Amino acid sequence: MQAVFKMFENTYEIYFQSVPSFLILILITIAAIILPFYLQIIIHEAGHLVFGKLTGYRFLSFRIWNKVLVRENRHWKIKTYSDRDSIGQCLMLPPRKDNRETPYALNHLGGIILNGITGILFLSVSCMEIAFSYFIRLFSFTSGLFGVIMFIANGLPIRYFGNNDGTNYLALRKNKSARYFYFQQLKQLPDLQKGKTYGDLSLEFNRVIKEKDLDNPILGWQKMLEYYSYLDQGWWKKARECLSAFQ
């Protein structure tokens, strides 16, 4: 802790001597808090990418905020994505093999694995007896803190956190139909990325999903895809039947 106290002493001597230097300290503090937040989001999505590739998944896109990296016709492109529902997202296509053999655990949990590992590493660095600057020590601490928070928020299958990675992983693990539809949904992503609507997709709706299974987030989403497809094609009666299944 001696190095930490020394850091605060040096910070006081440097930044508390004038108004301009104090304003600089405020900017440094804000940067050391905001940047780690985005860093851990990038790390989380990179985890899906790395562990997905290790298990045979194929890259489709990598998005941070409204900028998305895609590969089209063997060329890398950066596009602007307007309809975003999350800060970051890495989309991977499943391996070209039978669904019963397709791995899903590491691809799904890769994000929280990297969040947890880097979170612990950053927290360890922030506590080291090394003469780090104020920015480096605060940056390390907040990076570690955000890493642990994201590990918990995305890993614990608790409804309070919504349909996070942990919840979806358990949904896939417990239900064979969920795994089947999950891989079918992933295979439709390239067409959606090209601008096709739900009515254009070759979604499979002849498999019956029992109402008691609609609490499963994967199967529930499959039912919603069916609903969107019927809406897109103007089949109002079938669309209403889809919604009534949730009641």
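Read-outs throughout are calculated quantities, based only on the coordinates presented, and are distinct from any laboratory measurement. None of these values were measured; they are calculated from a predicted model. When we count neighbours, we look across all protein chains shown, and the Cβ atoms used for this are built from the backbone with ideal geometry, even at glycine.
In this Cβ point-charge picture (+1 for Lys and Arg, -1 for Asp and Glu), the chain has a dipole of about 940 debye about its Cα centre. Rounded to the nearest 20, the size of the Cβ-charge dipole of segment 175-247 about its Cα centre is 140 debye, with Lys and Arg at +1 and Asp and Glu at -1. Diffusion of segment 33-95 by Stokes-Einstein, at 10 °C in a medium of 1.306 mPa s and with Rh set to the Kirkwood radius over alpha-carbon pairs, works out to 129 µm²/s. Estimated from helical segments only, the mean residue ellipticity of the chain at 222 nm is -20000 deg cm²/dmol, where each DSSP H run of four or more residues counts as -39500 (n - 2.57). Label positions at SER86 and ILE42, each projected 7 Å from the Cα along the C-beta direction, are separated by 1.8 nm. Going from the residue with the fewest nearby Cβ atoms within 10 Å to the one with the most, MET224, MET150, MET128 rank MET128, MET224, MET150.
Under DSSP H, which helices of the chain have Cα atoms covering 27 Å or more of the helix axis and a Kyte-Doolittle average no less than 1.0? Helices meeting the span and hydropathy rule in the chain are 19-54, 105-126, 134-155.
Neighbour counts of C-beta atoms inside 10 Å place THR167, THR80 in the sequence THR80, THR167, starting with the fewest. Taking amide hydrogens as placed 1.01 Å from N in the peptide plane, the amide H of PHE59 sits under 5 Å from those of LEU93, each at least 5 positions away in sequence or on another chain.
Between ARG173 and LYS210, the C-beta separation translates, for a Förster distance of 25 Å, into a calculated FRET efficiency of about 0.85.
Legend: distances between Cα atoms for LYS67/LYS223; LYS174/LYS237; LYS67/LYS196; LYS176/LYS223; LYS53/LYS212; pairs beyond 23 Å are LYS67/LYS223; LYS174/LYS237; LYS53/LYS212.
Shown for ASP213, ASP191: other C-beta atoms within 10 Å of each C-beta, ranked fewest to most, produce the order ASP191, ASP213. Based on the reciprocal of the average 1/r between different C-alpha atoms, the Kirkwood radius for the chain equals 20.8 Å. The calculated FRET efficiency for LYS237 paired with LEU35, based on their beta-carbon distance and R0 = 41 Å, is about 0.20.
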